[in-house]
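Some notes on the structure that comes next.
The values are calculated or read from the model by the stated rules, or taken from the named source; none is laboratory data. The model shown is predicted, which means the values in this text are computed figures rather than measured ones. All Cβ positions, glycine included, derive from the backbone under ideal geometry; neighbour counts span all protein chains shown. Surface accessibility is based on the protein's heavy atoms, side chains included, excluding ligands, DNA and RNA. Shrake-Rupley method; radii C 1.70, N 1.55, O 1.52, S 1.80 Å.
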Amino acid sequence: MSRIGKLPVNIPSGIEVIIANNIVNVKSPKGQLSQYIDPAISVKVDGSKIIFERHTDQKRHRAMHGLYRALVANMIQGLVKPYKIEQELVGVGYRASNQGQLLDLVLGYSHHVLFEIPTEIKLATKTEKGSNPTIIMESADKQLLGQVAAKIRSLRHPEPYKGKGIKFSGEILRRKAGKAAAKASA
């Protein structure tokens, strides 16, 4: 059996789980999330636990067993304590600001990059003197948060020589040495 899939998911107090037509709905005072579950995986609520079982031992079903258990566990964890992602803009003249859910980025292009953030994500930008501008996003939906963060990062990937671009806070970039010939002649 899948080591992840066979573990039951605990339901904390204040969280309501409803399963109907292969869709798991998780509700809390902070919001509501839903996830479609493949019919090959059966889901049932047993007291304060959610149990996932697969009908066959096919490779595809084994993979989905752990996947759907992890997705539902992430939904519950996100509704208890929202997920948070911070991204830094590294580069001279790089700036970030927001007006509501509209993120305005200056990334060294000839124009501003405007990025509309979904309403499920809480957005904040921070610019302090002496540190890189930071984008802070918070949401109960881990999948959506990761997808939006990856899309923002794709607007200007960190380059390996100076590290300029959009990176996650705490991310360690693999750096390359510059031209060796320039250092030898100088």
### Summary
segment 117-186: spread of alpha-carbon positions along the three principal axes, whole Å, largest first, is 55, 28, 18
### Summary
Correct response: the longest run of the chain lacking exposed GluC sites (Glu not before Pro), defined by DSSP loop and at most 15 other Cβ within 10 Å, is 1-119
### Of the trypsin sites (Lys or Arg not before Pro) in segment 77-163, those whose Cβ has at most 11 other Cβ within 10 Å and which sit in DSSP loop
K129
### Query
Whose amide H sits under 5 Å from the amide H of K164, counting only residues 5 or more places off or on another chain, with H placed in the peptide plane?
E159
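Could you provide, to the nearest whole Å², the per residue accessible area of the chain with probe 1.4 Å? If you can, show how the numbers build up before the last one.
Numbers: 11360 Å² over 186 residues.
Counting only protein heavy atoms, the per-residue value for the chain is 61 Å².
Say the cut-off is 21 Å between C-alpha atoms; which of K30/K84; K27/K49; K30/K81; K6/K27; K59/K142 go over it?
Working: K30/K84 15 Å; K27/K49 15 Å; K30/K81 9 Å; K6/K27 23 Å; K59/K142 26 Å.
Long pairs (Cα-Cα over 21 Å): K6/K27; K59/K142.
Treating only the Cβ of Lys, Arg, Asp and Glu as charged (+1, +1, -1, -1), what charge dipole size does segment 34-186 show about its Cα centre? Round to the nearest 20 debye.
On the way: 25 positive and 14 negative charges, 161 e Å.
My answer is approximately 780 debye.
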### Query
Got a number for carbon plus sulfur as a percent of the chain's accessible area, 1.4 Å probe?
53
### Message
On C-alpha positions alone, give me the angle between the axis of helix 59-80 and the longest principal axis of the chain, in degrees, nearest 10.
### Response
80
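Sum -39500 (n - 2.57) across every DSSP H segment of at least 4 residues in the chain, then divide by the residue count to get the 222 nm mean residue ellipticity, nearest 500. Numbers along the way, then the final one.
Details: 3 runs with 41 residues, N = 186.
For the chain, the value works out to -7000 deg cm²/dmol.
What do you get for Rg/Rh over segment 54-186 if you use C-alpha atoms and the Kirkwood form of Rh? It would help to have the intermediate numbers written out before the result.
Working: Rg = 19.4 Å, Rh = 17.3 Å.
Ratio value, two decimals: 1.12.
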### Task
Calculate the length of the line joining the C-alpha centroid of segment 82-161 to that of segment 6-70, in whole Å.
32
### Among V90, I51, N74 - extreme Cα towards positive end, dipole of segment 1-124, charges at beta-carbon
I51
### Message
Compute the angle between helix 142-154 and the longest alpha-carbon principal axis of the chain, please, reported from 0 to 90 degrees and rounded to the nearest 10.
### Response
20
### Rounded to whole Hz, the Karplus (6.51, -1.76, 1.60) HN-Hα couplings of segment 19-24, x for glycine and proline
10, 8, 6, 6, 10, 9
### Query
In segment 2-123, if every C-alpha pair distance is counted and binned at 5 Å from zero, what percent goes to each bin?
2, 10, 17, 16, 12, 10, 9, 9, 8, 6, 2, 0
### Message
For K49, what residues show an amide H to amide H distance below 5 Å, using hydrogens built from the backbone and excluding near sequence neighbours?
### Response
I11
